[in-house]
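Visitor: Submitted below is the structure of interest, expressed as structure tokens.
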Amino acid sequence: MKNDIDKVKFFVFSGVFGVLWGVFEMLIGSYLHILNLPLRGAFMSGFGCVFMCVLRSYVNYKGVNLYAAIVAISIKLLSYGGFKLGPIVGIFIEAVIIEVIFGVFNFNKFSIIFSSLLCVLEGVPHFFITTWIMYGGGIFEVYLNAMANISKIFGFSKEIYIYVFLIWLFAHFLIGFFSSFVSIKLIGWLKNEIH
């Protein structure tokens with residue numbers, strides 16, 4: 001950062017966007033978790049990317065997204081759904097991904113698309129790791145047995161779980177692309193400066 005004005009801009013913008021992101025996580029994220037909707041983590045990651053990309057369009061400094069993530073996590077801890085480790089870790093990982101991508105590729109349309117995809121796809125390994133931590137490795141055997149029983153009842157192929165996983169993965173890609181599209185359009189509308 002060059003001067004005091006840049007420092008003020010850094011903390012004010014990251015604070016404001018962090019609060020907005022945290023309130024969104026606290027209200028919408030908690031509500032989606034209560035409803036137990038599928039792909040809720042992917043949707044929340046996608047919206048988190050929008051907040052971070054728009055923030056970066058205003059303050060293109062290293063660390064600004066990490067600072068916003070810390071603010072968002074602080075707000076998220078006040079959620080009426082109670083403390084959940086998964087979303088907290090997810091917010092932090094998304095901010096790290098954004099920082100790395102924008103640090104390597106600079107801030108442009110490609111880095112917005114790439115970082116949005118990676119942030120949303122982060123939910124795939126995140127799901128398996130947190131599920132394993134919370135329920136143990138045996139939970140995946142339970143999932144596979146449930147899929148095998150469902151496939152028997154409805155006469156589906158035994159390998160239906162592979163197709164379900166591929167559809168789930170494809171949905172993450174779609175949400176990531178949609179998130180980057182919203183970010184680019186919103187930045188263009190707000191700033192009309194992105195190349």
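Visitor: Within segment 24-50, can you find the residues that are buried (at least 24 other Cβ atoms within 10 Å of the Cβ) and of a type in the set (S, T, N, Q)?
Guide: Within segment 24-50, Ser45 is the sole residue that qualifies.
Visitor: I've got another one for you. Which of (1) over 19 Å from Leu186 (Cα atoms); (2) among the aromatic types (Phe, Trp, Tyr); (3) open to solvent by 20 Å² or more (accessible area, probe 1.4 Å); (4) free of Cβ contacts under 8 Å to residues at least 60 places away in the same chain does Phe13 not meet, given it meets every other one?
Guide: Only one criterion is unmet by Phe13, namely (1).
Visitor: Continuing with this model, one more query. Restricting the first residue to segment 32-44 and requiring it to be more than 13 Å from Leu121 (Cα to Cα), which pairs with a second residue that is not in a loop (DSSP other than H, G, I, E, B) meet a Cβ separation below 8 Å and a spacing of at least six or different chains?
Guide: Leu32/Arg40; Leu32/Phe43; Leu32/Met44; His33/Arg40; His33/Pro87
Visitor: For segment 51-74, name all the residues that are open to solvent by less than 20 Å² (accessible area, probe 1.4 Å) and not in a helix (DSSP H, G or I).
Guide: Passing the criteria: only Val59.
Visitor: Between a first residue in segment 106-123 that is farther than 19 Å from Ala171 by Cβ and in a loop (DSSP other than H, G, I, E, B) and a second residue that is among the charged types (D, E, K, R) and open to solvent by 40 Å² or more (accessible area, probe 1.4 Å), which pairs have beta carbons less than 9 Å apart while being 6 or more apart in sequence or on different chains?
Guide: Pairs found: none.
Visitor: Check Phe140, Phe102, Phe83, Phe92 and return the single one that is among the hydrophobic types (A, V, I, L, M, F, W, C), open to solvent by less than 90 Å² (accessible area, probe 1.4 Å) and modelled with pLDDT under 95. Steps first, please.
Guide: Numbers: Phe102 fails: modelled with pLDDT under 95; Phe83 fails: open to solvent by less than 90 Å² (accessible area, probe 1.4 Å); Phe92 fails: open to solvent by less than 90 Å² (accessible area, probe 1.4 Å).
Within the list Phe140, Phe102, Phe83, Phe92, the selection yields Phe140.
Visitor: Could you please tell me which pairs satisfy a Cβ distance under 9 Å, a separation of 6+ or placement on different chains, a first residue in segment 60-79 that is polar (S, T, N, Q), and a second residue that is in a loop (DSSP other than H, G, I, E, B)?
Guide: Asn60/Asn106; Asn60/Phe107
The values are calculated or read from the model by the stated rules, or taken from the named source; none is laboratory data. The shown structure was predicted, so the numbers you read here are calculated from the model rather than taken from an experiment. Ideal geometry is used to build each Cβ from the backbone, glycine not excepted, and the neighbour counts take in all protein chains shown. Remember, those area values only see protein heavy atoms, side chains included, never the ligands or the DNA or RNA. Shrake-Rupley method; radii C 1.70, N 1.55, O 1.52, S 1.80 Å.
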